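J.: Take this structure first; my questions come after.
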Amino acid sequence: MAQVIIQNLTRPHAPPLTATYCVSFLCQLKGLTFRRAIGEQNGLLLVQTHDSKINAAIHMLFMRFSIAVVWINSQTMVVDTREAFPWQIALFPKRAARYILETHPDRLNDFQVGDRLSIEILEDA
């Protein structure tokens, strides 16, 4: 499965994240469900085919911990951020997004609406 490095170009002081690049339906369906935790430097990047509010929705069913959610559009600009809590049924972004970054809740303040990000795909692990 491919890994990506995500860097906030607007806030370069924020350390980069290493995330799993999640394109397949099964990968996205499973997401972070049933995991016990996520590292502060790690994440999961859910990738859609195009910008959408509906397709960028997530659920927190069967989650054991809170996460930071960062919605990113096709131009790699942050369009929404939110902390998501276990068992929330559905969370939709305020604006259409193509990418959904799920990471440790302590990283939420590293991203703000309007920030530009770099997403660098690494070789398959």
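J.: List 70, 47 from most exposed to least, where exposure is judged by having the fewest other Cβ atoms within 10 Å. Walk me through the numbers before you get to the answer.
T.: Numbers: 70 30, 47 17.
The most exposed by this proxy come first: 47, 70.
J.: Which shape class, rounded, prolate or oblate, goes with region 64-117 when its Cα gyration tensor gives a ≥ b ≥ c as root eigenvalues, a/c under 1.5 marks rounded, and past that a/b bigger than b/c marks prolate?
T.: On the way: a/c = 2.44, a/b = 1.48, b/c = 1.65.
Since a/c reaches 1.5 but b/c is at least a/b, the shape of region 64-117 is classed as oblate.
J.: Normalised by the residues of region 2-124, what does the relative contact order come to in percent, with Cα pairs under 8 Å and at least six apart? Provide the component values of the computation, followed by the final result.
T.: Details: 312 pairs, mean separation 40.9, N = 123.
Reported as a whole number, the value is 33 percent.
J.: Here are several values of Kirkwood radius over Cα pairs in Å: [x] 14.2; [y] 14.7; [z] 15.2. Which one was derived from the coordinates shown?
T.: So the structure-derived entry is [x].
J.: Could you list which residues have their amide H under 5 Å from that of residue 115, counting only those 5 or more apart in sequence or on another chain, with H placed in the peptide plane?
T.: Hits under the 5 Å cutoff: 78.
J.: Counting other C-beta atoms within 10 Å, which of 120, 40 has the fewest, and how do the rest follow? Show your work: numbers first, answer last.
T.: Working: 120 10, 40 13.
So the ranking, lowest neighbour count to highest, is 120, 40.
J.: If you don't mind, another one. Where does each of 59, 50, 104, 13 land when they are ranked from fewest to most other beta-carbon atoms within 10 angstrom? The partial results should precede the final answer.
T.: Working: 59 15, 50 11, 104 19, 13 6.
Placing the least packed residue first, the sequence is 13, 50, 59, 104.
J.: At a Förster radius of 22 Å, what calculated FRET efficiency corresponds to the Cβ-Cβ distance of residue 36 and residue 120, to the nearest 0.05? Before the final figure, lay out each step's value.
T.: Values: r = 28 Å, r/R0 = 1.27.
According to the calculation, E is roughly 0.20.
J.: What size of dipole, in debye to the nearest 20, comes out for the chain about its Cα centre when the only charges are +1 on Lys and Arg C-beta atoms and -1 on Asp and Glu C-beta atoms?
T.: Numbers: 12 positive and 11 negative charges, 76 e Å.
It comes to approximately 360 debye.
J.: Each label point is 7 Å from the Cα along the Cα-to-Cβ direction; what then is the distance between the points at residue 112 and residue 87, in nm?
T.: Here the answer is 3.4 nm between the modelled labels.
J.: Okay, helix-only estimate at 222 nm for the chain: each DSSP H run of n ≥ 4 adds -39500 (n - 2.57), divide by all residues, round to 500 deg cm²/dmol; what do you get? If you can, show how the numbers build up before the last one.
T.: On the way: 1 runs with 6 residues, N = 125.
Computed ellipticity for the chain at 222 nm equals -1000 deg cm²/dmol.
J.: Okay, moving on. Which residues in region 24-41 place their backbone N less than 13 Å from a point set 7 Å from the Cα of residue 64 along the Cα-to-Cβ direction?
T.: The answer is 32-39, whose backbone nitrogens lie closer than 13 Å to the label point.
J.: Further question on the same structure: Where is the GNM fluctuation largest for the chain (alpha-carbon springs, 10 angstrom cutoff): 98, 107, 64?
T.: Of 98, 107, 64, the most mobile in the Gaussian network model is 64.
Any read-out appearing in this document is the output of simple, stated calculations on the displayed coordinates, not a laboratory observation. On a predicted model such as this, the values are computed, not experimentally measured, just so you know. Cβ: placed from backbone, ideal geometry, glycine included. Neighbour counts: every protein chain shown.
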